[in-house]
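Have a look at the structure below before the remarks.
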Amino acid sequence: MFLLCAFAIVVLINCCYYLLFTKFSFLKNRTEKETPSYPISLLICAKNEAENLKANIPLWLDQDYDDFEVILINDASHDETLDVMESFAKKDARIQIVNVKNNEAFWGNKKYALTLGIKKAKNKRLLFTDADCRPATNIWLKKMTSNFSERRQLILGYGAYNKAFGLLNALIRYETLITAIQYFSYAKAGLPYMGVGRNLAYTSQLFYDNKGFISHMKVPSGDDDLFVNEVATRKNSAICFDKEAFTYSDPKRTWKAWFLQKKRHISTAKYYKTKHKILLGSFYICNVAFWILAFLSIALLDWKIPLALIAFRFIFELLVIGKAALKLNEKNLIPFIPFLEIFLVFAQMSIFISNSFFKPKRWK
């Protein structure tokens with residue numbers, strides 16, 4: 001009886017989280033309306049990204065927007081990154097270059113490079129992406145920045161990954177989907193806690209008023225999520241999930257590369273605000289507990305009631321996550337959600353354990 005009660009409680013908590021996620025899953029996209037066209041600075045920090053820049057700079061320059069500049073930040077690259085930037089800058093006056101050289105205090109620190117780029121920007125409203133990210137359309141910039149207002153100074157966008165064959169690709173896209181559902185839902189609930197640097201916008205005023213990245217400058221990663229976690233509020237944040245405002249990039253192609261990337265990302269979570277750590281940690285713990293108790297209940301108890309609880313939880317999950325997957329253009333993941341969930345839960349557990357013994361490296 002104790003095992004069954006514990007399992008029922010875990011299922012209930014799981015469903016409470018999915019109920020929270022309906023704030024995004026069932027959210028209607030805002031109707032198109034006339035919005036002010038603000039001057040925008042688009043910032044891209046690149047470290048050894050010559051080939052990606054050749055492919056993506058033309059896409060950024062081709063944005064259908066009247067007044068914007070492109071700030072290209074060369075973060076101490078040792079390939080042809082700077083040469084590529086300079087060749088494009090000669091042809092287009094909208095491009096400004098910041099050439100960052102390593103120094104002893106901020107060796108290999110992306111936040112230092114981004115800070116120099118922000119100081120270079122002439123416009124107050126800033127849009128960020130990565131060198132390997134391509135905009136979904138030529139109105140990406142317009143769609144993202146249309147969410148700015150005098151009050152809304154921070155815009156959370158969606159950075160998708162390109163689809164490819166294989167389990168790793170599906171797992172990465174599923175993890176990205178779940179992460180987006182969480183940070184969009186929490187933002188709509190008045191608890192914004194993170195964003196992704198692949199598609200993020202905020203004002204320079206917000207940056208300077210909060211002293212930039214200074215509180216976490218020495219943390220290897222977190223120029224996006226730690227900054228958002230520190231400065232985002234119910235009043236100053238907005239979300240943008242219009243498919244025309246997505247960015248796309250190639251995910252990691254080997255398990256080792258993905259594992260190392262997630263080690264860096266997960267290592268920032270301990271710096272989140274306590275309320276966010278509790279909410280996120282409880283969701284993960286309940287997911288682990290669900291799978292463990294599901295197997296134990298089926299094996300040790302009369303299978304009918306546990307199976308009913310499992311079915312109820314899966315139906316609720318598929319309804320909520322599936323609806324969000326449609327919004328974020330990940331329809332083909334829906335049939336595999338249970339399998340991908342269990343695989344991700346235990347992959348994350350191994351990463352947590354690994355992070356306890358080995359420190360993650362810097363961003364590149």
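The values are calculated or read from the model by the stated rules, or taken from the named source; none is laboratory data. Note that the coordinates shown come from a computational prediction; the quantities given were computed from them, not determined experimentally. All Cβ positions, even for glycine, are placed from backbone atoms using ideal geometry, and neighbour counts span all protein chains on display.
A few comments on the model shown:
- Restricting segment 249-261 to residues that are out of contact with any helix residue (DSSP H, G or I) (no Cβ under 7 Å at 6 or more places or on another chain) and not acidic (Asp, Glu), the residue that is nearest to GLY159 (Cα to Cα): SER249
- Of all residue pairs spaced 6 or more apart or on separate chains, those with beta-carbon atoms under 9 Å, a first member in segment 210-228 that is on the phi < 0 side of the Ramachandran plot and a second member that is among the basic types (Lys, Arg) and in a loop (DSSP other than H, G, I, E, B) are PRO220/LYS359; PRO220/LYS361; PRO220/ARG362; SER221/ARG362; ASP224/ARG198.
- Every residue from segment 150-207 that is assigned to a loop (DSSP other than H, G, I, E, B) and among the acidic types (Asp, Glu): GLU150
- Filtered residues of segment 232-257 (kept if assigned to a helix (DSSP H, G or I) and crowded, with 20+ Cβ neighbours inside 10 Å): ALA245
- Segment 216-237: number of residues that are touching a Leu at 6+ places or on another chain (Cβ under 8 Å) and not hydrophobic (A, V, I, L, M, F, W, C): 6
- Selected residue (only one of PHE314, PHE295 is of a type outside the set (Lys, Arg) and farther than 23 Å from SER185 by Cβ): PHE295
- Residue in segment 258-280 that is more than 28 Å from ASN147 (Cβ to Cβ) and not in a helix (DSSP H, G or I) present: yes
- Options LEU43, LEU53: the member that is in contact (Cβ under 8 Å) with a residue 40 or more places away in the chain and outside any helix (DSSP H, G or I): LEU43
- Taken over segment 60-82, the criterion of being hydroxyl-bearing (Ser, Thr, Tyr) and either surrounded by fewer than 24 Cβ atoms within 10 Å (Cβ to Cβ) or in contact with a Cys (Cβ under 6 Å, 6 or more places away or on another chain) (or both) is satisfied by TYR65, SER77.
- Test: residue in segment 171-178 that is under 12 Å from the mean Cα position of the chain (by Cα), more than 23 Å from GLU51 (Cβ to Cβ) and of a type in the set (Asp, Glu): yes
- Qualifying position, being surrounded by 19 or more Cβ atoms within 10 Å (Cβ to Cβ) and within 13 Å of the chain's Cα centre (by Cα), among TYR193, TYR202: TYR193
- Selection of segment 217-235 for residues being at pLDDT below 90 and either over 12 Å from the mean Cα position of the chain (by Cα) or farther than 18 Å from THR129 by Cα (or both) yields MET217, LYS218, VAL219, PRO220, SER221.
- Restricting ALA131, ALA136, ALA76 to those that are of a type in the set (A, V, I, L, M), touching a strand residue (DSSP E or B) at 6+ places or on another chain (Cβ under 9 Å) and modelled with pLDDT under 95 reduces the list to ALA76.
- Residue match in segment 90-103 (condition: small (Gly, Ala, Ser), modelled with pLDDT of 95 or more and within 25 Å of GLN205 (Cβ to Cβ)): no
- ALA89 surrounded by fewer than 20 Cβ atoms within 10 Å (Cβ to Cβ), without any contact (Cβ under 8 Å) to a residue 24 or more places away in the chain and part of a loop (DSSP other than H, G, I, E, B): no
- Residues of segment 205-221 that are of a type in the set (Ser, Thr, Tyr) and surrounded by 17 or more Cβ atoms within 10 Å (Cβ to Cβ): SER221 alone.
- Test set (1) in a helix (DSSP H, G or I); (2) under 25 Å from PHE24 (Cβ atoms) - LYS119 fails condition number: (2)
- Scanning segment 56-80 for residues that are without any contact (Cβ under 8 Å) to a residue 60 or more places away in the chain, within 25 Å of the chain's Cα centre (by Cα) and within 14 Å of ILE95 (Cα to Cα) turns up ILE57, PRO58, LEU61, GLU69, VAL70, ILE71, LEU72, ILE73, ASN74.
- Cβ pairs under 6 Å, 6+ apart, first in segment 278-303 and within 15 Å of VAL11 (Cβ to Cβ) and touching a residue at least 40 places away in the same chain (Cβ under 8 Å), second surrounded by 13 or more Cβ atoms within 10 Å (Cβ to Cβ) and polar (S, T, N, Q): CYS286/ASN14; PHE290/ASN14
- Matching residues, segment 209-248, being basic (Lys, Arg) and in contact with a helix residue (DSSP H, G or I) (Cβ under 7 Å, 6 or more places away or on another chain): none
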